[in-house]
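Trainee: Supplied in structure tokens, the structure appears directly below.
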Amino acid sequence: MLQLVPPVSKNRIISDFPKWYTPEACLQLRDHFHVQVRAACQQRSTGTIGLKMSKVVVVGDLYVGKTSLINRFCKDVFDRDYKATIGVDFEIERFEIAGIPYNLQIWDTAGQEKFKCITSAYYRGAQVIITVFDLTDIQTLEHTRCWLEDAQRENEPSSTLIFLVGTKKDKVSSAQCERTEHDAVRYANEMQAEYWTVSAKTGENVKEFFFRVAALAFEHSMLKELEKSSGSMTQIGAGSLIKVEKDEAENVKDSSQTSISCC
Ligand SMILES: Nc1nc2c(ncn2[C@@H]2O[C@H](COP(=O)(O)OP(=O)(O)OP(=O)(O)O)[C@@H](O)[C@H]2O)c(=O)[nH]1
Ligand SMILES: [Mg+2]
């Protein structure tokens, strides 16, 4: 049979639900996909999910390591030399999750102030916001609130999944990492974000992190899709049953976010 789309590469297949980094700041603690999602995947009744592209935007101060993180995952490379991102760039990653194809469009944005008016135009429609800071520079953690607020301004807060990621883990001692993590977990909880630490240089936690992003985004999209397609059956008088679609705003209670006041 003629195959139009090349198969997903073996190292992008997610069968088991990926685990969180720390239970102190994670979006959910389940070990498995949501029961409804599992059933839909088994029955292959996943609607248009396989055709969709979920948008992920990566934001944070300049030099924190956004491009390096994306390049380690998407191309398995690391460059010691700093080349500032000019405006925005993106990569598309194809996954197979619980047997269903799923695509992420990962947007890398410039951290330099002078590009803000360009980059903010690309925040709209994000399903995932990844706020990045440098574990060796605590100020960059403090700025993540502002980056999140900017990105959320262009989106419906209740429909985005948020991650807070500390980079350059290879550059800090485990004691320093623990100290920073203590503050970062507090920030993550305020931001209703899931917290991770990674190293683009060594690759530590990079694949695990993006698998978690992909799995949670997939599950979130699936639950939205299932709720949209099911609606609810209501009887009018003695007449027949009619289907009532729920307001989309109700569909995403699971990941509701609060607005954050910021600088
Ligand atoms: N040791 C170490 N260095 C890193 C790591 N990640 C990034 N770097 C270095 O940090 C510098 C900045 O990394 P980039 O990925 O370009 O930073 P960025 O956030 O994309 O910067 P802008 O594009 O200007 O916003 C580069 O010199 C990288 O080599 C890491 O995990 N470990
Ligand atoms: Mg960059």
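The values are calculated or read from the model by the stated rules, or taken from the named source; none is laboratory data. Computed from a prediction, not measured in an experiment: that's the story for all the values here. Because the Cβ atoms are built from the backbone with ideal geometry, glycine has one as well, and the counts that use them run over all protein chains shown.
Trainee: Being more than 24 Å from residue 96 (Cα to Cα) and among the small types (Gly, Ala, Ser) is the filter here; which residues of the stretch 178-232 pass it?
Mentor: Result: 184, 188, 193, 199, 230, 231, 232.
Trainee: Moving on. Scanning for something assigned to a loop (DSSP other than H, G, I, E, B), near ligand 1 (Cβ under 9 Å from one of its atoms) and at pLDDT 95 or above, does the stretch 86-101 turn up at least one residue?
Mentor: Checked against the condition, which is being assigned to a loop (DSSP other than H, G, I, E, B), near ligand 1 (Cβ under 9 Å from one of its atoms) and at pLDDT 95 or above, the stretch 86-101 yields at least one hit.
Trainee: What do you reckon, is residue 64 under 21 Å from residue 136 (Cβ atoms), within 14 Å of ligand 2 (Cβ to nearest atom) and touching a Lys or Arg at 6+ places or on another chain (Cβ under 6 Å)?
Mentor: Spelling it out, it is not the case that residue 64 is under 21 Å from residue 136 (Cβ atoms), within 14 Å of ligand 2 (Cβ to nearest atom) and touching a Lys or Arg at 6+ places or on another chain (Cβ under 6 Å).
Trainee: Write out, first by first residue and then by second, each pair whose Cβ atoms fall under 7 Å of each other, whose residues are 6+ apart or on separate chains, and whose first residue, in the stretch 75-104, is over 30 Å from residue 45 (Cα atoms) while the second is more than 11 Å from ligand 1 (Cβ to nearest atom) and outside any strand (DSSP E or B).
Mentor: 87/118; 88/118; 88/122
Trainee: Next question, about the same structure. Mind listing whichever residues of the stretch 123-151 are touching a residue at least 60 places away in the same chain (Cβ under 8 Å), part of a helix (DSSP H, G or I) and either of a type in the set (A, V, I, L, M) or crowded, with 20+ Cβ neighbours inside 10 Å (or both)?
Mentor: Of everything in the stretch 123-151, those that are touching a residue at least 60 places away in the same chain (Cβ under 8 Å), part of a helix (DSSP H, G or I) and either of a type in the set (A, V, I, L, M) or crowded, with 20+ Cβ neighbours inside 10 Å (or both) turn out to be 140, 144, 147, 148, 151.
Trainee: Then there is this: Only residues in the stretch 54-66 that are assigned to a strand (DSSP E or B) count as the first member; pair them with residues that are near ligand 1 (Cβ under 6 Å from one of its atoms) and of a type outside the set (Phe, Trp, Tyr), Cβ under 8 angstrom, at least 6 apart or cross-chain, and list the lot.
Mentor: 58/66; 59/66; 59/111; 60/66; 60/111
Trainee: Another question, if that's okay. Quick one: would you say residue 110 is over 26 Å from residue 18 (Cα atoms) and without any contact (Cβ under 8 Å) to a residue 12 or more places away in the chain?
Mentor: No, not satisfied.
Trainee: Would you mind finding the one in 168, 201 that is buried (at least 19 other Cβ atoms within 10 Å of the Cβ), at pLDDT 95 or above and among the charged types (D, E, K, R)?
Mentor: Of 168, 201, the one residue that is buried (at least 19 other Cβ atoms within 10 Å of the Cβ), at pLDDT 95 or above and among the charged types (D, E, K, R) is 168.
Trainee: All but one of (1) among the small types (Gly, Ala, Ser); (2) more than 10 Å from ligand 2 (Cβ to nearest atom); (3) in contact with a helix residue (DSSP H, G or I) (Cβ under 8 Å, 6 or more places away or on another chain); (4) part of a loop (DSSP other than H, G, I, E, B) hold for residue 111; state the number of the condition that does not hold.
Mentor: So residue 111 meets the others, but not (2).
Trainee: Collect the residues in the stretch 75-108 that are more than 20 Å from the chain's Cα centre (by Cα), within 12 Å of ligand 2 (Cβ to nearest atom) and either basic (Lys, Arg) or buried (at least 17 other Cβ atoms within 10 Å of the Cβ) (or both), keeping them in residue-number order.
Mentor: Matches in the stretch 75-108: 83, 85.
Trainee: Would you point out the residue of the stretch 13-51, among those that are surrounded by 17 or more Cβ atoms within 10 Å (Cβ to Cβ) and not in a loop (DSSP other than H, G, I, E, B), that is modelled with the lowest pLDDT?
Mentor: The residue in question is 49.
Trainee: Looking for something more than 16 Å from ligand 2 (Cβ to nearest atom), of a type in the set (S, T, N, Q) and farther than 24 Å from residue 188 by Cβ - is there at least one such residue anywhere in the stretch 46-54?
Mentor: Within the stretch 46-54, one or more residues are more than 16 Å from ligand 2 (Cβ to nearest atom), of a type in the set (S, T, N, Q) and farther than 24 Å from residue 188 by Cβ.
Trainee: Same structure again: Which numbered condition trips up residue 112, out of (1) within 14 Å of residue 213 (Cα to Cα); (2) surrounded by fewer than 17 Cβ atoms within 10 Å (Cβ to Cβ); (3) modelled with pLDDT of 95 or more?
Mentor: (1)
Trainee: Here's a check for you: in the stretch 171-185, which residue that is among the polar types (S, T, N, Q) and not in a loop (DSSP other than H, G, I, E, B) is surrounded by the most Cβ atoms within 10 Å (Cβ to Cβ)?
Mentor: Ranking the qualifying residues of the stretch 171-185, first place goes to 180.
Trainee: Just checking, does the stretch 155-162 include any residue being in contact with a Ser or Thr (Cβ under 9 Å, 6 or more places away or on another chain) and either part of a strand (DSSP E or B) or within 16 Å of ligand 2 (Cβ to nearest atom) (or both)?
Mentor: yes
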